[in-house]
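Report on the structure given below.
Derivation of every value follows stated rules applied to the coordinates shown; laboratory data play no part. Remember, it's a predicted structure, so these values are computed and weren't measured experimentally. Neighbour counts are summed over all protein chains in view; Cβ atoms, including those assigned to glycine, are modelled from backbone coordinates with ideal geometry.
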Amino acid sequence: MRDEQCIFCRIAAGEVPCAKIYESERLLAFLDIAPSMKGHTLLVPKEHYRTLLDLPSDLGEEILAALKVVGRAVMEGTGADGLNFGVNTNAAAGQVVMHAHFHLIPRFAGDGLKL
Ligand code: 5GP
Ligand code: ZN
């Protein structure tokens with residue numbers, strides 16, 4: 001499954017460059033092009049699903065494992081004190097790219113970031 005117009009499908013296919021953090025057969029993590037904080041990373045399924053609500057449940061275990069691996073790597077790489085995991089679902093909730101993705105946003109004590 002792929003959407004020709006979708007930027008994350010094009011990144012997953014290697015047609016658009018990204019700063020890759022992690023890759024498995026079904027998942028990819030890369031740096032956000034407009035980071036809310038240094039090290040802001042996105043984890044996406046390589047296949048096109050519109051939102052988290054559309055993800056096949058059999059991907060759940062692999063996604064959780066990847067969120068943990070990538071989350072630890074991002075924290076180590078940035079020296080962050082914490083991390084926000086986020087999933088915007090539908091435009092009303094702030095989703096702009098309609099290909100399901102997880103935000104991992106490093107947080108630093110007293111950084112003042114408002115999400
Ligand atoms: P959303 O608002 O849909 O939850 O978040 C989409 C995220 O994708 C935004 O943080 C935005 O900066 C990021 N993004 C959009 N286009 C690109 C791109 O071409 N490359 C990368 N690396 N990130 C992108
Ligand atoms: Zn897509």
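Quick notes on this structure:
- Taking the criterion of being over 15 Å from residue 66 (Cβ atoms) and either part of a strand (DSSP E or B) or aliphatic (A, V, I, L, M) (or both), the residues of segment 5-25 that qualify are 7, 11, 13, 16, 19.
- Given (1) within 12 Å of ligand 1 (Cβ to nearest atom); (2) assigned to a loop (DSSP other than H, G, I, E, B); (3) more than 13 Å from the chain's Cα centre (by Cα), number of the condition residue 2 does not satisfy: (1)
- Number of residues in segment 65-103 that are in a loop (DSSP other than H, G, I, E, B), small (Gly, Ala, Ser) and surrounded by fewer than 16 Cβ atoms within 10 Å (Cβ to Cβ) equals 2.
- Within segment 8-54, being small (Gly, Ala, Ser) and either surrounded by fewer than 18 Cβ atoms within 10 Å (Cβ to Cβ) or touching a Phe, Trp or Tyr at 6+ places or on another chain (Cβ under 6 Å) (or both) holds for 13, 14, 19, 24, 29, 34, 36.
- Of residues in segment 26-48 being assigned to a loop (DSSP other than H, G, I, E, B) and in contact with a helix residue (DSSP H, G or I) (Cβ under 9 Å, 6 or more places away or on another chain), the one farthest from ligand 1 (Cβ to nearest atom): 26
- Verdict on residue 62 being part of a helix (DSSP H, G or I) and among the acidic types (Asp, Glu): yes
- Residues within segment 60-106 that are under 18 Å from residue 27 (Cα atoms), among the charged types (D, E, K, R) and touching a strand residue (DSSP E or B) at 6+ places or on another chain (Cβ under 8 Å), tallied: 1
- Under the condition of being near ligand 2 (Cβ under 9 Å from one of its atoms) and among the aromatic types (Phe, Trp, Tyr), the residues counted in segment 1-49 number 2.
- Selection within segment 34-60 - closer than 19 Å to residue 11 by Cβ, of a type in the set (A, V, I, L, M, F, W, C) and touching a residue at least 60 places away in the same chain (Cβ under 8 Å): 42, 43
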